[in-house]
Amino acid sequence: MKTADFSRRIAGLPRFIKQLITLAVDITLLLLGVYVAYVLRYGFLFVPNPKQILLMLAAPLIAVPVFIRYGLYRSVIRYLPEKAIWSIFQATAVAALLWVAIAFLTEMTGGTGVPRSVPLIYWLLITILVSISRFGAKWILRDSTGPVSREVALIIGTGEAAQQLAAALRVHRDTYVAGFIDRDPSLLGMDIAGTRVYAPASIDDLVKNYGVCQVVISDPSMGETERKAYASILGRLKIRTSILPPIADLSRGKYLVGALRNIEIDDLLGRSPVPPDEAMLQSMIEGHSIMVTGAGGSIGSELCRTIVNWKPRKLILFEVGEFALYQLERKLKSVTNCEIVPVLGSVTQQELVENVIHSHGVDTIYHCAAYKHVPLVEVNPLEGIRNNVMGTKAVADAALKTGVERFILISSDKAVRPTNVMGATKRWAEFVIRHYGDLAQQKGSAQSFSSVRFGNVLGSNGSVVPLFREQIAAGGPVTLTDENMTRYFMSIREAAELIIQSGAVIKSGETALLEMGSPVKIRDLAENMILMAGLSVRDMKNPDGDITIRVTGIREGEKLYEELFYDPDKALRTRHPKILCAEKRGTKADEIPQRLPHMQQFLDDNDAEGAKALLFDYIRQ
């Protein structure tokens, strides 16, 4: 009990006083160490002469500035990490060497020499004594505030959420908050709720001196530039990084500390997402019978997971892959009570599509089924055209005939000025949907046919992110087609939510454009993923790094830069801040009925060159 009282009193002292106590202890130990070094060398206690006394007094005068330089007085003793022994080892070695240099100079100027073994004994003694003093104090102070915290953390941000998190961690005593990190120069050096505010440049020192093992980002809406800056800092450090969900989510009953989640690549590189309009989502899904084609794919499956959260009357999973369909059905049925209907089939089977729509009263179709892998479609153009163009035509025709209320095609930014077969097929698919939208209007029908165009989604099957993760896990190299290649990115969850919401803000025959922020250099993405894995990039500047980035060259059909708009200045705003509407360009959609039979003939004749020629000639005219 007495030890605990003493620990609490020491811990309660101002930090400056505790640093002075540590300094006094070090001076005492250094003087003791140098005297004992002489005693061990001579083998008996002795009274030093005046010149030996001066040399002994020089020991702390030399060592203390070295200790300050190595940060031995910045660390919080209670949370001193085991790796601090390395800093002590270095500091005492440098102090001993400098003391030897002074002794040598003294001898050169006629002073009494120092026995050769004394400096080595002195270094060993002060290393042991200083280490014992630090870790002994840590042991004594372990009960000063109750159980010792298992972890030390930094919190990025100083807002309300950051302060609430710090208070919650303080109450639970399992994590010690070493400080807040903020870029605002007016806050640096201040204490907020008893915790010091530091600049981002101090993170390295804080990790080293406090043994920080976790960094928590308290502001999920942080801007893209700031995210990248923190990614480059945190990625070099082998510490865990977590992010606090939006405060609105926490207000729904989520516990503040328990809501922390590990940070993902889209948290640091992606755009700042806008929370979905829940009323809009509900109006598009609740009570509807919805069919998703290509349901087993990355976009299709995420759409399905989003849809089941909003009480649809029925969800039909239309998928050509047996295993993907089985897996998705099983997972969805484990999280929802709504009726899930798996349908195994190809979108090119129009009769099957019509029967499914009739049987289940489908009123909404999200057409995700497509071959999207650019190099594979490039070497298999006929299958790409058959599935992406003729399959879209078959499903749209079935929807028009059966009176489906809403049809939404999932398109791609590769449809804008396409240079590859996949992008060209998506452009044709957009024209097909616009044509069917026009047909519905001509019939006086309220049916809606529209498209949604966006870029890459992080985590999708075709995304570069899973490939980079696999390459990093294998030790590299990470392959990059071109140093200057850029792409647009968004999270797969946000893409699914925006696709659903787009149906409520655009009209039949229009193409929605999901606002994707600024394009990301693939090189930056690769480097940040390597850093987030706790590794370093091996290059000319860092030949001892862990992972090499190798440039392989652009593949056939690839573009350096993708575009979302034919003419950005003519994109129209909608009532949703992240959904734009593309201007209708020309009358090419009117020519689709004449072009499709010619394309079908090339497919029937297995004429890949003729099909490709027609594919590109039509959209380039």
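Each reported figure results from applying straightforward, stated rules to the coordinates on display, with no laboratory input. Keep in mind that what you see is a predicted model, and the values were worked out from it rather than measured. Every residue, glycine as well, gets a Cβ built from its backbone with ideal geometry; the counts of neighbours run over all protein chains shown.
Descriptive notes on the structure:
- Pairs of Cα atoms in segment 285-377 fall into 10 Å distance bins, from 0 up to the last occupied one, in shares of 17, 54, 25, 4, 0 percent.
- Of Lys331/Lys578; Lys426/Lys612; Lys314/Lys401, pairs whose Cα-Cα distance is over 18 Å: Lys331/Lys578; Lys314/Lys401
- Peptides 373-379, 439-445 ranked from most to least packed by the mean count of surrounding Cβ atoms within 10 Å: 373-379, 439-445.
- Annotation: peptides 469-475, 323-329, ranked by per-residue average of other Cβ atoms within 10 Å with the highest first, follow the order 323-329, 469-475.
- Cross-link partners for Lys570 among the aspartates and glutamates, with Cα-Cα distance under 13 Å and sequence neighbours closer than 8 places in the same chain left out: Glu583.
- Cut-off 9 Å between beta-carbons: net charge of the residues surrounding Leu498, Lys and Arg +1, Asp and Glu -1: -2
- Segment 297-450, relative contact order in percent, only Cα pairs under 8 angstrom and at least six apart counted: 20
- A simple spin-label model places pseudo-atoms 7 Å from Cα toward Cβ; at Gln442 and Leu344 they are separated by 3.9 nm.
- Restricted to Cα atoms, segment 375-514 shows a radius of gyration and a Dmax of 17.2, 60 angstrom.
- Per residue, the Cα convex hull of segment 278-620 amounts to 144 Å³.
- The order of the peptides 541-547, 607-613 by mean Cβ neighbours within 10 Å, most packed first, is 607-613, 541-547.
- Computed from the C-beta positions of Ala168 and Glu226, the FRET efficiency with R₀ = 22 Å rounds to 0.35.
- R0 of 25 Å, Cβ-Cβ distance Leu45-Ile128: FRET efficiency to nearest 0.05: 0.80
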